[in-house]
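Okay, structure first, notes after.
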Amino acid sequence: EDKVVQSPLSLVVHEGDTVTLNCSYEVTNFRSLLWYKQEKKAPTFLFMLTSSGIEKKSGRLSSILDKKELFSILNITATQTGDSAVYLCAPKYNFNKFYFGSGTKLNVKP
Amino acid sequence: EPEVTQTPSHQVTQMGQEVILRCVPISNHLYFYWYRQILGQKVEFLVSFYNNEISEKSEIFDDQFSVERPDGSNFTLKIRSTKLEDSAMYFCASSESTEAFFGQGTRLTVV
């Protein structure tokens, strides 16, 4: 059975802290892995990773994929209260199917 | 910036009634999806659609569900006879080939 496990399930930090969110996956016919941020409603796209070991960066956020060990991490440095959200990882596999993990709920306190 | 739009934003329906949720994907996108999220739970895959046919579907997507692209712009999800457990946020998404972009969702409440 395909599965995606994200850890931790929830995290409380203070502004300025650095956080690392984890995503491990077991899916058949893996194609890529996507990270999304979900605040109140729709998930918004952050990163797509297809190759192992190549870091993607966007401002204070960065992510990397390890296709051998089947995991990805999302780092957020110098966290701000606006980073508070649920962070979702979603392997894309088979023809064009995205399977979401349960997410990590991040709460950044002032 | 192009976006996926969904209507209505909130729909309340009686158990057993049919509902149609509507989506307008981003215009040059080729892949379309429906997901649902029951309150407090994870985002669950329902169905993907490409080249005017279903390409993948989950075990949730049973005979009560159907999708259609009736014209060049709309993509609809129909639930034939709603149950209480169909109450959820339904998200439409579209993709050119890589990442998927989500609409703001339709909150379906079955009473």
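Since every read-out is calculated from the coordinates, none of them should be taken as a lab result. If you're wondering where the values come from, they're calculated on a predicted model, not measured in any experiment. Cβ atoms come from the backbone with ideal geometry, glycine included; neighbour counts cover every protein chain shown.
Table for the structure above
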| quantity | calculated |
| --- | --- |
| Identity of the residue in segment A:66-82, without any contact (Cβ under 8 Å) to a residue 60 or more places away in the chain and in contact with a Lys or Arg (Cβ under 8 Å, 6 or more places away or on another chain), that ends up nearest to the other protein chains (Cβ to nearest Cβ) | A:Ile76 |
| Residues satisfying the stated conditions in segment B:7-29, i.e. under 22 Å from B:Ser97 (Cβ atoms) and surrounded by 13 or more Cβ atoms within 10 Å (Cβ to Cβ) | B:Cys23, B:Val24, B:Pro25, B:Ile26, B:His29 |
| Residue within segment A:36-48 that is more than 12 Å from the chain's Cα centre (by Cα), crowded, with 17+ Cβ neighbours inside 10 Å and not β-branched (Val, Ile, Thr) present | yes |
| Filtered residues of segment B:5-37 (kept if in a loop (DSSP other than H, G, I, E, B), within 22 Å of B:Asp86 (Cα to Cα) and of a type outside the set (Ser, Thr, Tyr)) | B:Pro8, B:Gln14, B:Met15, B:Gly16, B:Gln17, B:Glu18 |
| Pair list, Cβ under 9 Å, 6 or more apart: segment B:22-46 residue over 12 Å from B:Thr5 (Cα atoms) and more than 10 Å from every other protein chain (Cβ to nearest Cβ), other residue in a loop (DSSP other than H, G, I, E, B) and among the β-branched types (Val, Ile, Thr) | B:His29/B:Val4; B:Arg36/B:Ile60; B:Leu46/B:Ile60 |
| Which numbered condition A:Val19 fails, given (1) within 25 Å of B:Gln6 (Cα to Cα); (2) within 13 Å of the chain's Cα centre (by Cα) | (1) |
| Residue that is nearest to the other protein chains (Cβ to nearest Cβ) [pool: residues in segment B:64-93 that are closer than 13 Å to B:Glu18 by Cβ and over 11 Å from the mean Cα position of the chain (by Cα)] | B:Asp86 |
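This table checks each residue for (1) of a type in the set (Val, Ile, Thr); (2) touching a residue at least 12 places away in the same chain (Cβ under 8 Å); (3) under 19 Å from B:Phe45 (Cβ atoms); (4) within 14 Å of another protein chain (Cβ to nearest Cβ).
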{"residue": "A:Lys3", "(1), (2), (3), (4)": "no, yes, yes, yes"}
{"residue": "A:Val12", "(1), (2), (3), (4)": "yes, yes, no, no"}
{"residue": "A:Leu21", "(1), (2), (3), (4)": "no, yes, no, no"}
{"residue": "A:Arg31", "(1), (2), (3), (4)": "no, yes, yes, yes"}
{"residue": "A:Phe45", "(1), (2), (3), (4)": "no, no, yes, yes"}
{"residue": "A:Lys56", "(1), (2), (3), (4)": "no, no, no, yes"}
